[in-house]
Amino acid sequence: MRELFYSVTSLEELFSKLDKIDVTPPVVEVGIWDALGRVLVEDFKSPVDVPHFRRAARDGYAVVAKDTFSAGEVNPVSLKVVGEVKAGDEQTPEVRDKTCVRVATGALIPEGADAVVMVEYTVEREGYVNVYKAVTPGENIVEAGRDIRKGEVLIRGGRVLSPQDVGAIAATGVGKVRVYGKLRVAVASTGDELIKLGDELRLGKIYDVNSVTLVNAIRASGGEPVYIGVLRDNKEMLVRALREALATCDVVVFSGGTSKGPGDAVPSALRELGPLDFMVHGLAMKPGKPTVVASYRGKPVFMLPGYPTSALLTYYVIVDPYIRKWSRLPPREGMKVKARAGVRIFSEEGRLEFKPVILRKEDDLKVYPTPTGSEAITTLSSSHGYIEIKANRSFIEQGEEVTVRLFRPIWEIDDFREETP
């Protein structure tokens with residue numbers, strides 16, 4: 001006889017339990033070539049001044065500033081050119097009174113010089129240069145440490161490293177940084193009807209979609225997916241796979257086989273593992289009601305529904321925040337927009353619902369329910385995001401403002417890309 005979901009758990013209760021399962025990854029050292037998107041463990045302090053030498057801010061002539069004070073367009077000052085310094089040169093001539101050195105942008109400032117006259121205000125002939133504009137001490141010179149001072153906190157710990165951040169670190173000569181490691185997340189799909197991509201498609205069989213979507217979703221969440229494979233609805237096989245996953249990974253995410261029926265072997269396999277804390281077998285949300293969440297020796301096991309839309313939406317709602325939290329990554333709060341319901345959007349009262357939606361640009365930004373169900377593969381690929389409908393609501397009224405949680409940044413959505421000439 002099929003066991004029914006007489007009791008379901010609220011999201012608030014589940015999140016409260018998950019908060020107690022700490023899977024903070026170890027600190028690792030990575031090269032800055034691979035540091036993009038990683039979370040810096042501690043404040044990064046520059047070991048050097050940047051630049052670490054005085055350098056020319058413009059092409060021109062390094063001079064003693066007081067030698068140019070009488071220069072003007074009618075009465076230029078004539079200085080003897082005693083050498084040239086290019087960017088990258090390590091040796092320079094010395095600048096004395098009434099002399100100068102030709103310099104390129106970024107070049108080392110010669111000893112004795114305290115300013116640079118821009119080449120636009122000079123004319124050079126036969127070893128001398130006429131200067132037509134006075135300069136003041138320090139003009140057109142970048143002093144050592146002007147950009148970054150030695151010992152300065154350049155990047156605060158906890159920041160997700162951007163291309164600009166790793167560039168700033170590179171400017172100090174540091175090639176490795178300490179970051180939080182990535183959580184290893186085991187992924188598998190269960191079901192006798194599933195076959196691997198590339199296998200012959202036979203009657204009664206379908207390709208394993210969930211593993212592909214979940215692996216990529218885990219990468220987007222900052223985790224390191226470990227693909228276990230397609231598993232049959234066989235308790236012994238599932239127990240072996242679960243033991244392997246728990247031995248090698250920090251988090252387990254399986255899909256399928258979670259309903260309370262005789263053909264769903266995952267809950268039974270979980271019980272074979274030993275000391276296990278079942279936090280959830282039935283969530284008070286739609287989709288995702290048959291979700292199983294358990295804890296085994298300090299590691300969380302998420303068993304998501306088998307329907308692709310249900311699996312991925314449930315992942316976004318409960319697994320993505322968990323992986324981000326313990327990876328020290330920020331939540332997906334920036335992936336939201338406000339829109340108004342273009343039609344009345346119905347929901348099943350008594351259960352929190354996450355409904356896939358489509359955005360349209362009309363007189364203002366409008367949102368419409370995606371016209372397919374949780375069993376359809378294309379529901380999420382054709383959706384732009386999802387909205388949350390509270391359990392005490394049976395519909396969202398037309399024109400009512402809602403928050404849309406986006407699957408991707410709005411500028412990546414085809415209908416919202418700016419036209420380019």
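Given a cut-off of under 8 Å on Cα pairs at least six residues apart, what relative contact order in percent is computed for the stretch 335-416?
Relative contact order of the stretch 335-416: 43 percent.
Any chance you could run the full-extension gain for F69 through A87? It's 0.36 nm times the residue separation minus the Cα-Cα distance, nm to one decimal.
3.8 nm
Please give the calculated 222 nm ellipticity per residue for the chain, where each DSSP H segment of at least 4 residues contributes -39500 (n - 2.57) and the sum is spread over every residue; nearest 500 deg cm²/dmol?
After summing the helix terms and dividing by the residues of the chain, the value is -4500 deg cm²/dmol.
Relative to the compact globular guide of 2.2 N^0.38 Å, what is the alpha carbon radius of gyration of the stretch 1-76, as a ratio?
2.80
Quote the relative contact order of the chain in percent (integer), defining contacts as alpha-carbon pairs under 8 Å separated by 6+ residues.
RCO, the chain: 15 percent.
Give me the net charge of Y207's neighbourhood, meaning all other residues with Cβ under 9 Å from the Cβ of Y207; Lys, Arg count +1, Asp, Glu -1.
Counting the neighbours of Y207, the net charge comes to 0.
Charges on Cβ only, +1 for Lys and Arg, -1 for Asp and Glu, centred on the Cα centroid of the chain; of Y227, V160, S381, which one is farthest towards the dipole's positive end?
Y227
Count the DSSP beta bridges whose two residues both fall in the stretch 335-416, then state the antiparallel fraction as a percent rounded to the nearest 5.
The answer is about 90 percent antiparallel.
With charges only on Cβ, +1 for K and R and -1 for D and E, what is the dipole size of the chain about its Cα centre, in debye, rounded to 20?
Computed charge dipole of the chain: roughly 1000 debye.
How much of the DSSP bridge set in the stretch 55-142 is antiparallel, in percent, rounded to the nearest 5?
Bridges in the stretch 55-142 that DSSP calls antiparallel: roughly 80 percent.
Sticking with the crude label model, points 7 Å out along Cα→Cβ, report the distance from E348 to E12 in nm, one decimal please.
2.2 nm
So for the chain: antiparallel DSSP bridges make up what percent, rounded to the nearest 5?
Taking every DSSP beta bridge with both residues in the chain, the antiparallel ones total about 65 percent.
So which lysines can K150 reach, going by Cα to Cα under 28 Å and dropping same-chain residues fewer than 8 places off?
Reachable lysines: K45, K86, K176.
I need to check one value: relative contact order of the stretch 55-142, counting alpha carbon pairs closer than 8 Å and at least 6 residues apart, in percent.
It comes to 42 percent, rounded to a whole number.
Under a point-charge model restricted to the Cβ atoms of Lys and Arg (+1) and Asp and Glu (-1), what is the dipole moment magnitude of the stretch 55-142 relative to its Cα centre, in debye to the nearest 20?
100 debye
For the chain, find the longest principal axis of its Cα atoms and tell me its angle to the long axis of helix 235-248, 0 to 90°, nearest 10.
Approximately 20 degrees, to the nearest ten.
Below 10 angstrom from the Cβ of K66, what's the summed charge of the other residues (Lys, Arg +1; Asp, Glu -1)?
Value of the local net charge: -3.
P(r) of the chain in 10 Å steps, Cα pairs, percent per bin?
Result returned by the calculation: 4, 17, 20, 17, 12, 9, 9, 8, 4, 1, 0.
Quick one: among T314, T213, T136, which has the greatest mean-square fluctuation in a GNM of the chain with alpha-carbon springs under 10 angstrom?
In the Gaussian network model the winner is T136.
So what's the net charge close to P331: Lys and Arg +1, Asp and Glu -1, counting the other residues with Cβ under 13 Å from its Cβ?
Surrounding charge for P331 is +4.
I want to check the label-to-label distance for A391 and D19. Put each point 7 Å from Cα in the C-beta direction and report it in nm to one decimal.
1.8 nm
What are the lysines whose alpha-carbon lies under 18 Å from the alpha-carbon of K235, with same-chain residues fewer than 8 places away excluded?
In chain and number order, the partners are K260.
For A220 and R96, calculate 0.36 nm times their separation in residues minus their Cα-Cα distance, and state this gained length in nm to one decimal.
Extra length available between A220 and R96 comes to 38.6 nm.
From zero up to wherever the largest Cα-Cα distance of the stretch 55-142 sits, split into 10 Å bins and tell me the percent of pairs in each.
Per 10 Å bin, starting at 0, the Cα pair percentages come out as 21, 59, 18, 1.
Rounded to whole Hz and in sequence order, give me ³J(HN,Hα) for the stretch 86-101 from the Karplus expression 6.51 cos²θ - 1.76 cosθ + 1.60, θ = phi - 60°, writing x for Gly and Pro.
9, 4, x, 5, 9, 10, 9, x, 8, 9, 10, 4, 6, 10, 7, 10
On full extension of the chain, what length is gained from R232 through T248, given 0.36 nm per residue of separation minus the C-alpha to C-alpha distance?
Fully extending the segment from R232 to T248 adds 3.7 nm.
Classify the stretch 335-416 as rounded, prolate or oblate, taking a ≥ b ≥ c as the square roots of the eigenvalues of its Cα gyration tensor: rounded when a/c is under 1.5, otherwise prolate if a/b is larger than b/c and oblate if not.
It is oblate, given that a/c is not under 1.5 and a/b is not larger than b/c.
Nearest 10 degrees, 0 to 90: what angle lies between the long axis of helix 210-220 and the longest principal axis of the chain (Cα atoms)?
Approximately 30 degrees, to the nearest ten.
Read the figures in this text as sums done on the coordinates, not as results from a lab. These figures come from a predicted structure and were not determined experimentally. A quick note on method: Cβ atoms are made from the backbone with ideal geometry, for glycine too, and the neighbour counts reach across all protein chains shown.
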